[in-house]
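Peer 1: Just dropping this structure here.
The values are calculated or read from the model by the stated rules, or taken from the named source; none is laboratory data. Just so it is clear, the model here is predicted, and its values are computed rather than measured. Heads up, the Cβs are rebuilt from the backbone with ideal geometry, glycines too, and the neighbour counts pull from every protein chain shown. SASA here: full protein model, heavy atoms, side chains in, ligands and nucleic acids out. Shrake-Rupley method; radii C 1.70, N 1.55, O 1.52, S 1.80 Å.
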Amino acid sequence: MKMNPLRLLVKAKPQLPASSSTQGSGHKKSGAASVSKTQGQLVPRRAEFDWSGTPLDWIPEHAYASHFINQINMLLPAGEFWFCRLFNKAMPLISDEKLRQDVQMFIRQEAMHARAHGGAISDYLQAHQIDTKANTAKMDWLFGTLLADKPFGKTVPKRLERRWLMLRLGLVAAVEHMTCVLGKYALENKNWDAVGADAVLLDLLRWHGAEEIEHRSVAFDLYKHLGGDYLSRYYLSCVAVPLVIGLWVDGAANILQQDKRFADKKLSALRPWMWMEWARVSKTGMLPHPLWLAAQQLPFFSPWYDPVKEANTEEALNYLKTSPSAASAANQPLKAYRAAA
């Protein structure tokens, strides 16, 4: 029996923000405090990566960890372009000028992330004869069919359009908390450097991670601004976090299946070995432990959750000033990304 995605809609109709009288104008009343908690002005940065010298085992002597993290390149592009389309759809509902600017820059940053990881798929993974079609097809289905404006090609009833939008914005807010956690991990994990991990792939992870820290408040600010409530946030996180982790492990298993060194292993997200090996490898410092990663999601469940407290913007900006890939493209023009509605 096919599941009707409309059954997942939030039961309580989201409330308009307090400043709804100005909604659609793009401006709050003079003197009103902004709902944005993003520090300063977000900056979209073009980054260029040369994959010609990056080995498939980009972490020397750590094939499992290399493949596991390589799955991120297939996990992200479809979702990040979906973020862009979704936030463009929410744009007319924003009545706070600072938040509107944050969302616009968020879209441009996410589009750059998607393109960078897409380049890693074509110029790095496929160049090493990795079959990426199965992994990317799952992501295309998830964001292009299940979570589309018309899920499974079905038009959402007018009275449920706002609820369907809010449900998806809540999923993004939950995922953005996770990407902030992973971004902080990438910036702070010096174990990769100690074993001589490939500098280009490290820069991709840290450039992306730093911008996730920089814009960590935007999705949550938008969700709350448009009426997202605590109860919905709670159960949406319970959906988003296991889904992301499950897709990550499933995709990594598919890459490992293509490596003869793992031919004797039972490679599936439904088999214990993948999870036990993840936990074992995490002890080497090459991966975050799965239980640690799950525990890092707990602050999002707090009624007093504040993304600002989850990372240090200055640390992120300091890295972005020195990122080799961002520096190599610093003088190239960056056009705004406007996803089709």
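Peer 1: Of everything in region 258-313, what is touching an Asp or Glu at 6+ places or on another chain (Cβ under 7 Å), outside any helix (DSSP H, G or I) and open to solvent by 40 Å² or more (accessible area, probe 1.4 Å)? Give them in sequence order.
Peer 2: The one that is touching an Asp or Glu at 6+ places or on another chain (Cβ under 7 Å), outside any helix (DSSP H, G or I) and open to solvent by 40 Å² or more (accessible area, probe 1.4 Å): Q258.
Peer 1: With D140, D123 as the choices, which residue is at pLDDT 95 or above, open to solvent by 40 Å² or more (accessible area, probe 1.4 Å) and in contact with a Phe, Trp or Tyr (Cβ under 6 Å, 6 or more places away or on another chain)?
Peer 2: Result of the check over D140, D123: D123.
Peer 1: Can you tell me which residues in region 232-247 are closer than 19 Å to M139 by Cβ and either open to solvent by 10 Å² or more (accessible area, probe 1.4 Å) or without any contact (Cβ under 8 Å) to a residue 60 or more places away in the chain (or both)?
Peer 2: V239, V241, P242, L243, V244, I245, G246, L247
Peer 1: Being open to solvent by less than 50 Å² (accessible area, probe 1.4 Å) and either assigned to a helix (DSSP H, G or I) or modelled with pLDDT of 95 or more (or both): is that true of A47 here?
Peer 2: Numbers: open to solvent by less than 50 Å² (accessible area, probe 1.4 Å): yes; either assigned to a helix (DSSP H, G or I) or modelled with pLDDT of 95 or more (or both): no.
When the stated conditions are applied, A47 does not pass them.
Peer 1: Sticking with this one: Out of everything in region 161-189 that is more than 17 Å from the chain's Cα centre (by Cα) and open to solvent by less than 20 Å² (accessible area, probe 1.4 Å), what residue ends up being nearest to N254 (Cα to Cα)?
Peer 2: The extreme case among them is N189.
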